[in-house]
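Readers should treat all values here as calculations from the given coordinates under stated rules, not as data from a laboratory. As the structure is a prediction and not an experimental result, all values here were calculated from the model. Because the Cβ atoms are built from the backbone with ideal geometry, glycine has one as well, and the counts that use them run over all protein chains shown.
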Amino acid sequence: MRLEKLTPARIVAYAALLGCALLGYLSAAPAYAGEIKAGDLVITQAWSRATPGGAKVAGGYLTIENKGAAADRLIGGSGDVAGRIEVHEMATSNGVMTMRALDQGLTIEPGKTVTLAPGGIHLMMFDLKSPLKSGDKVPVTLEFEKAGKVTLSFDVQGVGAQGPKAESGGMKMQMSPGPSGGKM
């Protein structure tokens, strides 16, 4: 083995190389930090909005990817934060916005990704026990037909948030709303 003499120039070059590798690692890490695997499902970006004092309902949003060969179904959820958690859908027809419970749950087809977001399909948390505050992590248990019960936490964002915040390399990003642009 040949040992090279460490000159100041080589030390700077090695430090720069190490710094670039570390920066690359840290930049990629937040994408996986909130990933939950349950059977063939991968759940990411679980978040909610802060609620004003006295509010009795809140929405829950997340992304579910089905990496399997068979469909699964999100049936509902539970948690100490609320009396009940249901899967709901908001839709606009003839200028009138409606919201309804998906009594049969939400099917996640194989190879597909479903995003629960404001203004569309989302989780409704009814009979809140206390307000949701920005910065909180709210634990809930989701129930799937095949994957079973999955415990995760919603990251509570500000009252008007449009998506989860991710930090990457010191930069804060906020996801933009989907095409509906609606707010729940």
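Enumerate the amide H contacts of I121 below 5 Å, restricted to partners 5 or more residues apart or on another chain; note that Pro and chain-start residues carry no placed amide H.
Under 5 Å from the amide H of I121: M90.
Modelled label-to-label distance, K149 and K37, 7 Å Cα→beta-carbon offset: nm?
Between K149 and K37, the simple spin-label model gives 2.3 nm.
Between segment 114-140 and segment 56-92, what's the alpha-carbon centroid distance in Å?
The distance from the Cα centre of segment 114-140 to that of segment 56-92 comes to 9 Å.
Give the calculated FRET efficiency between M97 and K129 to the nearest 0.05, with a Förster radius of 22 Å applied to their Cβ-Cβ distance.
0.20
Under a Cβ-Cβ cut-off of 13 Å, what is the net charge of the residues other than G54 that fall near it, where Lys and Arg count +1 and Asp and Glu count -1?
That works out to +1.
Report the net charge of residues surrounding E65, where surrounding means a beta-carbon distance below 12 angstrom and charges are Lys +1, Arg +1, Asp -1, Glu -1. Show your work: numbers first, answer last.
Numbers: positive: K37, K67, K112; negative: E35, D40, D72, E109.
Cβ neighbours under 12 Å give a net charge of -1.
I want to check a number: in segment 35-158, how many lysine pairs have alpha carbons closer than 21 Å, given a sequence separation of 8 or more or different chains?
Summing the qualifying lysine pairs gives 15.
Could you tell me the largest-minus-smallest coordinate of the C-alpha atoms of segment 35-158 on each of the three principal axes, in descending order and whole angstroms?
Taking max minus min along each principal axis of the Cα atoms, segment 35-158 gives 44, 37, 22 Å.
By its C-alpha gyration tensor, with a ≥ b ≥ c as the square roots of the eigenvalues, how is segment 68-137 shaped: rounded for a/c under 1.5, else prolate for a/b larger than b/c, else oblate? Before the final figure, lay out each step's value.
On the way: a/c = 1.89, a/b = 1.23, b/c = 1.54.
In terms of gyration-tensor shape, oblate.
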